[in-house]
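For reference, the structure discussed in these notes is given below.
The values are calculated or read from the model by the stated rules, or taken from the named source; none is laboratory data. Small disclaimer: the values here were computed from a predicted structure and weren't measured. Glycine gets a Cβ as well: all are built from the backbone with ideal geometry, and neighbour counts include every protein chain shown.
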Amino acid sequence: MADQYAGTRRAVEAGRFYTGSPERLAAQVAEFLAAGACPHAPPARAILAPHAGYAYSGPTAGRAYARLDASPGGRVVLLAPSHQMAFAAVSTGAWAELATPLGNLAVDTAACAALLAEPLFVARNDTHAGEHAIGTQLPFLATLLPTTPVVPLVCGQLGDRAIGQAAERLARAFPEESTRWIVSSDFTHFGPDFDYVPFRDRVHERLEELDRTGIGRILARDGEGFAAFLAETGATICGAEPIRILLGVLRRLGVVGGELLGYTSSGRLTGNERHSVGYAAITFGQTAPAGPSALAAEEQTAALALARAAIAAELSRQAFRLPENLPPALRAEGACFVSLTTGGRLRGCIGELEADGPLAESIVRNARSAAFGDWRFPPLAAPELPAARIEISVLSPLRQIADPAEFVPGDHGILLEKGRRSAVFLPQVAPENGWDRETTLEQLCRKASLPADAWRRGAVFKVFTAQVFAEPESP
């Protein structure tokens, strides 16, 4: 079936979304990439980049591409929405090459043809010919990965079931770590032209707040949460289907490390509050190692039951002893944080960063402290316990890093030490709040009662990972 792929897709975006001059385009793309460079950061296996005219979204796209793993070999799977054609499928197009002013890119025709074995995938050039969400990504790929073949996919209007099927098929087709994944998407389109005007004041700030809520779901790789956000807000994110497919692929392949590298909007750039589109640069890291210390499902259940029993015993003023039949993983050395929430709001969080005995003892000690010893909250009362939800974060050993650029929000928890002041965030804090690296470090400084920019000079950073698990919403 690969022989049906022939000819070259024209670079119809040249002169419209970016300059048609090869010399000026090469210089512009190089400038975008240089501005986004972060030498100490790990390369990304997947990115999300915007697709507007380069004058608006080029610098943001450059931040994402500057972090893309540019190792030779493998392939690139490029997922884009359909702006011009209505169809309920995923289209590979039927070309053998993709033209750019910086040179043509080869289509991985064999991989594309293999996808057509399932009815959800089709090969239609009409879905690709004028689709700028595909075309605007290609000069970046021609610069970074000129010899790497591309699987270009335009996603039509898909329901939940088709999105799940597409994610499953793509994860099966391309499990290799040498496959790079790119989603082309702008964020919320605001204004009468888009029939979306949910607010009329503080437009720039409120549009960013809205987008950062959705970005938080993406960083957490929470496909269902992102879909619920779209349904609740009606946010006009044009690449919603490709984003949801990518999140499904990442979950199936075990890819972690969601990080927001930058966000802006056309309205901020132009000062226009009647018409604005959000742009974000997001990356995802490498495959998570299968750590031997990770707690299995039954061990997590035992850990949560232990924490609840310790709190209940304290409330009833009864002595508490560790059960004799604890799983071995809870008897091994370990450190943890225990958090309590009620009604979705934090009710207490206490923990320790380094092991000082069995993990079970750390769980009991910190469960009691979270319930009764967090100075930010009054001690938990007995009537509150049934509705309280317990979350445990089991920590890896601390590791000092030489540069804060090595800190990967969402993957790492981080400890900042400067002089006599210190503060720590668990790994889940940054994605839950939609923070990028710089914002996380600024918030960490504020938590330590330091100036927001104190992290830039003289601070010591240590990072760790955590296995996080919690009781169901209604314990």
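With a cut-off of at least 1 residues that are of a type in the set (D, E, K, R) and not assigned by TED's automatic domain parsing to the domain that holds CYS38, name the strands (runs of 3 or more DSSP E) lying wholly within region 273-381.
Numbers: elements: 276-284, 335-342, 345-351.
Result: 345-351.
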### Task
Please go through region 66-76 and pick out each residue that is in a loop (DSSP other than H, G, I, E, B) and either of a type outside the set (Gly, Ala, Ser) or touching a helix residue (DSSP H, G or I) at 6+ places or on another chain (Cβ under 8 Å) (or both).
ARG67, ASP69, ALA70, PRO72
### Query
(1) at pLDDT below 95; (2) within 16 Å of the chain's Cα centre (by Cα); (3) outside any strand (DSSP E or B); (4) not hydrophobic (A, V, I, L, M, F, W, C): which one isn't true of GLY262, the others all being true?
(3)
### Message
Kindly evaluate ASP193 against the criterion of being assigned to a helix (DSSP H, G or I), touching a residue at least 40 places away in the same chain (Cβ under 8 Å) and not hydrophobic (A, V, I, L, M, F, W, C).
### Response
yes
### Query
Failed condition for LEU207, given (1) more than 22 Å from LEU78 (Cβ to Cβ); (2) surrounded by fewer than 23 Cβ atoms within 10 Å (Cβ to Cβ), with all others met?
(2)
### Message
With the requirement that a residue be aliphatic (A, V, I, L, M) and under 20 Å from the mean Cα position of the chain (by Cα), what does region 446-466 give you?
### Response
VAL463, ALA466
### Query
Within the set of pairs 6 or more residues apart or between chains, which connect a residue that is farther than 11 Å from PHE140 by Cβ and modelled with pLDDT of 95 or more inside region 45-57 to a residue that is part of a helix (DSSP H, G or I) and charged (D, E, K, R) with Cβ atoms less than 9 Å apart?
none
### Task
Test LEU385 against the stated conditions and say whether it is crowded, with 17+ Cβ neighbours inside 10 Å, of a type outside the set (Asp, Glu) and not assigned by TED's automatic domain parsing to the domain that holds GLY434.
yes
### Summary
GLN443 passes all but one of the listed conditions (1) closer than 19 Å to LEU346 by Cα; (2) within 22 Å of the chain's Cα centre (by Cα); (3) in contact (Cβ under 8 Å) with a residue 60 or more places away in the chain; the exception is number (3)
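With LEU79, LEU33 as the choices, which residue is at pLDDT 95 or above and part of a helix (DSSP H, G or I)? Break it down stepwise before answering.
Details: LEU79 fails: part of a helix (DSSP H, G or I).
The unique qualifying residue is LEU33.
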#### Entry: Given (1) free of Cβ contacts under 8 Å to residues at least 24 places away in the same chain; (2) in a loop (DSSP other than H, G, I, E, B); (3) of a type outside the set (Asp, Glu), number of the condition PRO427 does not satisfy
(1)
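Quick one: which residue in ARG252, ARG180, ARG217 is in the same structural domain as THR148 (by TED's automatic domain parsing), closer than 17 Å to LEU78 by Cα and among the charged types (D, E, K, R)? Before you say what the answer is, go through the steps one by one.
Numbers: ARG252 fails: closer than 17 Å to LEU78 by Cα; ARG217 fails: closer than 17 Å to LEU78 by Cα.
Exactly one of ARG252, ARG180, ARG217 is in the same structural domain as THR148 (by TED's automatic domain parsing), closer than 17 Å to LEU78 by Cα and among the charged types (D, E, K, R), namely ARG180.
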### Task
Out of ALA430, ALA466, report the one residue that is in contact with a Ser or Thr (Cβ under 7 Å, 6 or more places away or on another chain) and either more than 28 Å from ALA64 (Cβ to Cβ) or crowded, with 21+ Cβ neighbours inside 10 Å (or both).
ALA430
#### Entry: region 220-243, residues that are assigned to a helix (DSSP H, G or I) and within 26 Å of PRO192 (Cα to Cα)
PHE226, ALA227, ALA228, PHE229, LEU230, ALA231, GLU232, THR233, ALA240, GLU241, PRO242, ILE243
### Message
Can you tell me how many residues within region 80-92 are in contact with a Pro (Cβ under 8 Å, 6 or more places away or on another chain) and under 20 Å from TYR18 (Cβ atoms)?
### Response
2
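If you check ARG217, ARG180, which single one turns out to be basic (Lys, Arg) and part of a helix (DSSP H, G or I)?
Numbers: ARG180 fails: part of a helix (DSSP H, G or I).
Criteria check complete, one pass: ARG217.
What number of residues within region 9-30 satisfy the criterion of being assigned to a helix (DSSP H, G or I) and in contact (Cβ under 8 Å) with a residue 40 or more places away in the chain? Lay out the reasoning, then the answer.
Pass one, region 9-30, residues assigned to a helix (DSSP H, G or I): 22-30.
If we keep only those that are in contact (Cβ under 8 Å) with a residue 40 or more places away in the chain too, we end up with 22, 25-26, 29-30.
Total satisfying the criteria: 5.
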### Query
What are the residues in region 50-65 that are in a helix (DSSP H, G or I) and under 21 Å from LEU247 (Cα atoms), if any?
THR60, ALA61, ARG63, ALA64, TYR65
## Note on the structure
Restricted to region 65-88 and to residues being among the aliphatic types (A, V, I, L, M) and farther than 18 Å from HIS132 by Cα, the residue surrounded by the fewest Cβ atoms within 10 Å (Cβ to Cβ) is ALA88
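Would you point out which residue out of ALA307, ALA290, ALA312 is out of contact with any Lys or Arg (no Cβ under 8 Å at 6 or more places or on another chain), modelled with pLDDT of 95 or more and closer than 30 Å to GLY434 by Cβ? Talk me through it step by step, then tell me what you get.
Values: ALA290 fails: modelled with pLDDT of 95 or more; ALA312 fails: closer than 30 Å to GLY434 by Cβ.
Among ALA307, ALA290, ALA312, only ALA307 is out of contact with any Lys or Arg (no Cβ under 8 Å at 6 or more places or on another chain), modelled with pLDDT of 95 or more and closer than 30 Å to GLY434 by Cβ.
For region 130-177, please list each of the helices (runs of 4 or more DSSP H) lying entirely inside it that holds at least 2 residues being within 15 Å of ALA88 (Cβ to Cβ).
Details: elements: 132-135, 138-144, 160-173.
In region 130-177, the matching helices (runs of 4 or more DSSP H) lie at 160-173.
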